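The values are calculated or read from the model by the stated rules, or taken from the named source; none is laboratory data. This structure is a prediction, so every number in the text was calculated from the model and none was measured. Counting neighbours? That spans all protein chains shown, and the Cβs are built from the backbone with ideal geometry, glycine included. Just so you know, the surface numbers come from the protein's heavy atoms only, side chains and all, with ligands and any DNA or RNA stripped out. Shrake-Rupley method; radii C 1.70, N 1.55, O 1.52, S 1.80 Å.
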Amino acid sequence: GMETVNLDLIFGTAGESMSSWVDTVLTAVGLETEHLSAYALTVERGTELSRQVAGGAPGPDNDDQADKYESFVATVGLPHYEVSNWARPGHECRYNLTTWAQGDYVAFGIGAHSHRNGVRSRNYRRLDQYLSLVEEGRSPVQATERLENWEKEKERLFLGLRLRRGVASGTAGAMLLDSPIGRRFVAAGVIASDDDRLLVLRPLLTDAVAREALALEPPPDCS
């Protein structure tokens, strides 16, 4: 069969012009791409980029990245199904959809995360540690955790808010809507409630909404 085109784009590198970014997006779409992801460049600790920025080199600018995200939304022309992901119908990434629905997935490789039967685990990030454990026939898992009750409910809301179709409000969503910050979000047109689903109307602000979801205190009957 014909090969499908799936591309990941990173925006917001220091020195990248808006016109250069838009040209990149148009080129990507012109390849008849089925699935397109767009992520803002982040400076991760311990990387060569972080050392350069710490030494005075220019790093990514938040306002510039926000402008480029909004230009991407306006330019890409593919259905937008998650904050950072666009796809032609039927080409949505099944792994991503499973992750955001608290489904099960298995981890392979350094630093990889898995979720099986309600238990989350993550592998060692350092290559030498990972390889020595695997070569000895031992598990490369560094840590595990089981989310229960309220923590699981908050995570359900936190992950589901990333989807453009929204997430079932449930207990945590109802509490967020009824909180002072939630009411401000609604008044500002950032979130909306529709048929017991909570939707983020302004995807650029999803992280701000998600932070408030994670900060919710448990109701008296749930811990």
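Going from most exposed to least, what order do Ser71, Ser193 have by accessible area with a 1.4 Å probe? Numbers along the way, then the final one.
Values: Ser71 25, Ser193 70 Å².
Sorted descending by solvent-accessible area, the residues read Ser193, Ser71.
Note on the chain: helix-only mean residue ellipticity at 222 nm, from DSSP H runs of 4+ residues weighted -39500 (n - 2.57) and normalised by residue number, equals -11500 deg cm²/dmol. Contact order for the chain, expressed relative to its length and based on alpha carbon pairs under 8 Å spaced 6+ residues apart, stands at 14 percent.
What ranking of Arg146, Arg165 comes out by heavy-atom accessible area, probe 1.4 Å, highest first? Spell out each step's value before the answer.
Values: Arg146 130, Arg165 150 Å².
The ranking, largest first, comes out as Arg165, Arg146.
When only the heavy atoms of the protein chains count and the probe is 1.4 Å, how do Tyr95, Tyr39 rank by accessible area, highest first?
Values: Tyr95 120, Tyr39 90 Å².
Largest to smallest exposure gives the sequence Tyr95, Tyr39.
Would you indicate which of [x] 1.11; [y] 0.95; [z] 1.15 is the value of Cα Rg over 2.2 N^0.38 Å derived from the coordinates of this structure? The value matching this structure is [z].
Could you tally the net charge around Met18, taking each other residue with its Cβ under 11 Å from the Cβ of Met18, Lys/Arg +1 and Asp/Glu -1?
Numbers: positive: Lys68; negative: Glu16, Asp23, Asp64, Asp67, Glu70.
Net local charge, Met18 excluded: -4.
Taking label points 7 Å from Cα along the Cα-to-Cβ direction, Val106 and Val141 give a separation of 1.3 nm. Spacing of the modelled spin labels on Ser132 and Glu48, each 7 Å from Cα toward Cβ, amounts to 2.6 nm. A simple packing score, the average count of other Cβ atoms within 10 Å per residue, orders the peptides 11-20, 182-191 as 182-191, 11-20, with the highest score first.
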